[in-house]
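The values are calculated or read from the model by the stated rules, or taken from the named source; none is laboratory data. The structure presented is a predicted model; accordingly, all values stated were derived computationally and were not measured. Cβ placement follows ideal geometry from the backbone for every residue including glycine, while neighbour counts extend to all protein chains displayed. Just the protein is used for accessible areas: all its heavy atoms, side chains included, with ligands, DNA and RNA removed. Shrake-Rupley method; radii C 1.70, N 1.55, O 1.52, S 1.80 Å.
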Amino acid sequence: TRSSYGGHKFNRVANAFVRVVNQADGSELCRYNLSDKYKATGMVMGRLYREDGEWKFTAVGEPADGRTYKDQIRTVQGQLD
């Protein structure tokens, strides 16, 4: 989960993005450009989990409003079900 703690909606923040990078070689695995369309202060970008001994990532892309992660707990929990 990523939030604009200042309460700014992502579509009003220039060049707002988040990315997942492979630390071993620096390659970009995925990127969310948040400034493009999201009129929310938070975003659940994806779900990182371990299954059968392997790390996996599933993109979510669910907007969520709130200034802290605590404000977004219900949105995150909905993605885990």
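Would you mind stating whether G26 is at pLDDT 75 or above, in a strand (DSSP E or B) and open to solvent by less than 90 Å² (accessible area, probe 1.4 Å)? Spell out how you get there, then give the answer.
On the way: at pLDDT 75 or above: yes; in a strand (DSSP E or B): no; open to solvent by less than 90 Å² (accessible area, probe 1.4 Å): yes.
Here the answer is no, as G26 does not meet what is asked.
Going through G61, G66 one at a time, which residue ends up being assigned to a loop (DSSP other than H, G, I, E, B), at pLDDT below 80, touching a strand residue (DSSP E or B) at 6+ places or on another chain (Cβ under 8 Å) and surrounded by 10 or more Cβ atoms within 10 Å (Cβ to Cβ)? Even if it seems obvious, please write down each step before you answer.
Details: G61 fails: assigned to a loop (DSSP other than H, G, I, E, B).
Just a single option satisfies the conditions, and that option is G66.
Select from the stretch 43-71 the residues that are within 10 Å of the chain's Cα centre (by Cα) and closer than 25 Å to N22 by Cβ and list them in ascending order.
Just the residues of the stretch 43-71 that are within 10 Å of the chain's Cα centre (by Cα), to begin with: 43-47, 59-64.
Scanning the stretch 43-71 gives M43, V44, M45, G46, R47, A59, V60, G61, E62.
Looking only at residues in the stretch 39-58 that are within 23 Å of E28 (Cβ to Cβ) and hydroxyl-bearing (S, T, Y), which one is surrounded by the most Cβ atoms within 10 Å (Cβ to Cβ)?
Here the answer is Y49.
What pairs come up if the first residue lies in the stretch 37-66 and is touching a residue at least 60 places away in the same chain (Cβ under 8 Å), the second is open to solvent by less than 20 Å² (accessible area, probe 1.4 Å) and of a type in the set (V, I, T), and their beta carbons are under 7 Å apart, counting only those six or more places apart or on different chains?
A64/V44; G66/T41
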